[in-house]
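Asks: Quick one: structure below, then a few questions.
The values are calculated or read from the model by the stated rules, or taken from the named source; none is laboratory data. None of these values were measured; they are calculated from a predicted model. Cβ: placed from backbone, ideal geometry, glycine included. Neighbour counts: every protein chain shown. Quick note on the areas: whole protein, heavy atoms, side chains included, nothing else; ligands and nucleic acids left out. Shrake-Rupley method; radii C 1.70, N 1.55, O 1.52, S 1.80 Å.
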Amino acid sequence: MVMYKQAIKNVPLFSELTDQELNLLAASGSRQKFSDKNVIFQEGDSGEVLFIILSGKVKVLLTGKNGQEFILSHLGPGNFFGEMAILESAPRSASVVTVEPSECFLLGRKALTELLKHHPDIAIKILKNLSQRLRKVSEQVRSLVMFDMYGRVGRCLLDLAKFQDGVETHGQLLISNRPSFQELANMVGCSRETLSRTLKALKENGSLSVTRKTIYINRLWE
């Protein structure tokens, strides 16, 4: 229980709760482990639970009529998801899939509602998070409408480096454990073939280099 409580306390959303409040929160929720590539929930599912990531990473995505994916974001430890369906009493607005083995803290609607009643500061944090996600979606739409393919790929890679806390060394920004080309294409919103052609051109002009597991960004382009 001590390690469990500490894991919850490390989540920014709950960092200001007292030990007693953390104990109550831990008792109100549950932990669940998910294997790699596990579908936690799908777009359209009913939503009664808030998920807080304790370890691992997930991707949030939309699925088109023909099964194509568009990845909205990647989330890691300390992030949370599923709050929109709870707050709106509406179906899930997107699907969430693990990209590596993960563990989450699950908090039901009733427990979350009670928590927000007594801690409006947490409600403000959730609203701030929602605002940040809305801003990111707006940037993604702007990228799709206004940027050419090189700009869209560049923005995607820089966002990915930021998410991974990319290491900068000798003028290069490292993206380790890079997603597959298909996943990168899903993040950019293009076909795998288009992404491959774009990456090839960027490699040829010296903007980046790609290995089996990494991407080195050699020069930031506008």
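Asks: Starting from segment 63-76, keep only residues that are over 21 Å from residue 134 (Cβ atoms), then list their pairs with residues that are at pLDDT 85 or above and among the hydroxyl-bearing types (Ser, Thr, Tyr) whose Cβ atoms are within a distance under 9 Å, requiring at least 6 positions of separation or different chains.
Replies: Note: pairs meeting the criteria are 68/191.
Asks: In segment 27-58, how many are touching a Lys or Arg at 6+ places or on another chain (Cβ under 8 Å) and without any contact (Cβ under 8 Å) to a residue 60 or more places away in the chain?
Replies: 8
Asks: Which condition breaks for residue 69 when tested against (1) open to solvent by 30 Å² or more (accessible area, probe 1.4 Å); (2) of a type in the set (Asp, Glu); (3) modelled with pLDDT under 90; (4) within 22 Å of residue 23 (Cα to Cα)?
Replies: Tallying (1) open to solvent by 30 Å² or more (accessible area, probe 1.4 Å); (2) of a type in the set (Asp, Glu); (3) modelled with pLDDT under 90; (4) within 22 Å of residue 23 (Cα to Cα), residue 69 fails exactly one: (4).
Asks: Anything in segment 167-187 that is within 26 Å of residue 67 (Cα to Cα), in contact with a helix residue (DSSP H, G or I) (Cβ under 6 Å, 6 or more places away or on another chain) and at pLDDT below 85? List them, or say none.
Replies: 187
Asks: Hey, another quick one. Please determine, by comparing only the residues of segment 201-215 that are in contact (Cβ under 8 Å) with a residue 40 or more places away in the chain and of a type in the set (A, V, I, L, M), which one is farthest from residue 160 (Cα to Cα).
Replies: So, considering only residues that are in contact (Cβ under 8 Å) with a residue 40 or more places away in the chain and of a type in the set (A, V, I, L, M), the one farthest from residue 160 (Cα to Cα) is 201.
Asks: Out of everything in segment 204-216 that is at pLDDT below 85 and of a type in the set (D, E, K, R), what residue ends up being most open to solvent (accessible area, probe 1.4 Å)?
Replies: Checking each candidate, the answer is 212.
Asks: May I pose another question? Would you call residue 17 surrounded by 14 or more Cβ atoms within 10 Å (Cβ to Cβ), of a type outside the set (Asp, Glu), in contact with a strand residue (DSSP E or B) (Cβ under 9 Å, 6 or more places away or on another chain) and in contact (Cβ under 8 Å) with a residue 40 or more places away in the chain?
Replies: On the way: surrounded by 14 or more Cβ atoms within 10 Å (Cβ to Cβ): yes; of a type outside the set (Asp, Glu): yes; in contact with a strand residue (DSSP E or B) (Cβ under 9 Å, 6 or more places away or on another chain): no; in contact (Cβ under 8 Å) with a residue 40 or more places away in the chain: yes.
No: the conditions fail for residue 17.
Asks: How about segment 11-63: which of its residues are more than 20 Å from residue 90 (Cβ to Cβ), within 17 Å of the chain's Cα centre (by Cα) and polar (S, T, N, Q)?
Replies: Residues satisfying the conditions are 35, 38, 55.
Asks: Please verify whether segment 141-149 includes one or more residues that are among the hydroxyl-bearing types (Ser, Thr, Tyr), at pLDDT 80 or above and either touching a helix residue (DSSP H, G or I) at 6+ places or on another chain (Cβ under 9 Å) or within 21 Å of residue 68 (Cβ to Cβ) (or both).
Replies: no
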